[in-house]
Structures are given as structure tokens and as C-alpha cells.
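Enquirer: First the structure, then my questions, so here it is.
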Amino acid sequence: MPTIGEIGSELAEVPVGELLRSVAQGIADGQTALDVAAVKTLIVLAATTVELIPEITEVISPETLQVQTDEGTIDVTGARVSATAAEPVEMSALQAGLVPSFYQFAEATIQLKLSVFGSNVNFRTQNTYSYSADASSSVTAILRPVPPPARLVPTTITVNELTQPPTVTISE
């Protein structure tokens, strides 16, 4: 069984700097993987076509309804709602407003705990030592959603030919 001095020596040799470098490298690799996955999702969304109904028109019209009661028929002013949908329009999922989620490692905590307990036991003329050593560690990482980088969200230029002269709208 190692002595307390040997345990202290072993603890001094724990490569804390290497542990920190390893955790930092793991977080950097994870962030890169998250960013690449989001960009690949953006490319897929730009290439995926969907059909959307761009407009639904509802018309509310007055309508007289006849309600039967015990005393006869009563005219009641009511309303009728009729709805019509425009023809579906094909566009990319990105044009429809679907964008990938971007995440960022906002915080990382490394926790190292070490407990060493020792006692001197003397049974008559015999000096012995008793000790116990416990160690534990944990790493906690917190991810937060962030807006996509501005360069990844395309500018939309809309040319409305229904107006004369045609109007151009640019959204970023």
C-alpha cells in the first residue's frame, strides 16, 4: 500500500493542464461539428422544395337566419364566412422561412475534487498509518441557441410586377 507521501507525489503529477487542454479541444471540436451540421442543414433546406398556400381570403357576409321557437319563426341577423385559398406556390424550404438552429457553447465548468484522509495508528510500539484517498471529476457544458451568422441568411429580393411600375423590396 502506498504511503501518504507517495499519494501526495502522485497527486502532484496529475496533468491538470492536459485535462484542461483536452476539455477545451473537445469543446472546440464539438462547436465545429455543430456549425458544420447547421450549414449542411441550410444547404438541404435551400434545395428542398415545398408547396405553400400563400394566401387565404375570407369573406364575411351578412345572412339572415330563421330560428324556430315555441312561438314561431324568428329572423336573426347572422353572418356567413366563406374562404378561398390561392393556388399553392412552390418554393424552397428556406424561402418558406425554415432556417437551421445554430448553437454555441456558452459555458463549460470543470470540477475536480480530491479528499485525502490520514491517521497515525500506534499499537504499543508499532507506528503505522491509515489513510484513504478519493477523487472525482465532472465536466458540465451549456449550449445556447444563437442567431445564424448574417452571411448564411440570404438576402431576399422581391419584384412585385402586380404594381405599375413594378416595386422591388429587399429584405435581409
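A short reminder: the numbers here are calculations on the coordinates, not readings from a lab. All values reported here derive from a predicted model rather than from experimental measurement. For neighbour counting, all protein chains shown are included, and Cβ atoms are generated from backbone atoms with ideal geometry for every residue, glycine included.
Enquirer: Using a Förster distance of 45 Å, how high is the FRET efficiency between ILE53 and ILE27, based on the Cβ-Cβ distance and rounded to 0.05?
Expert: 0.55
Enquirer: Only sites in a loop by DSSP and with at most 10 other Cβ atoms within 10 Å count here; which GluC sites (Glu not before Pro) in region 57-119 make the cut?
Expert: Here the GluC sites (Glu not before Pro) that fit, given the DSSP loop and packing criteria, are GLU71.
Enquirer: Computed over the Cα atoms, what is the radius of gyration of region 32-120 divided by 2.2 N^0.38 Å, N being its residue count?
Expert: Relative to the 2.2 N^0.38 Å estimate, region 32-120 comes out at 2.57.
Enquirer: Here is a follow-up. Gain in length, ILE74 to SER171, computed as 0.36 nm per residue apart minus the alpha-carbon separation, to one decimal in nm?
Expert: Extra length available between ILE74 and SER171 comes to 29.5 nm.
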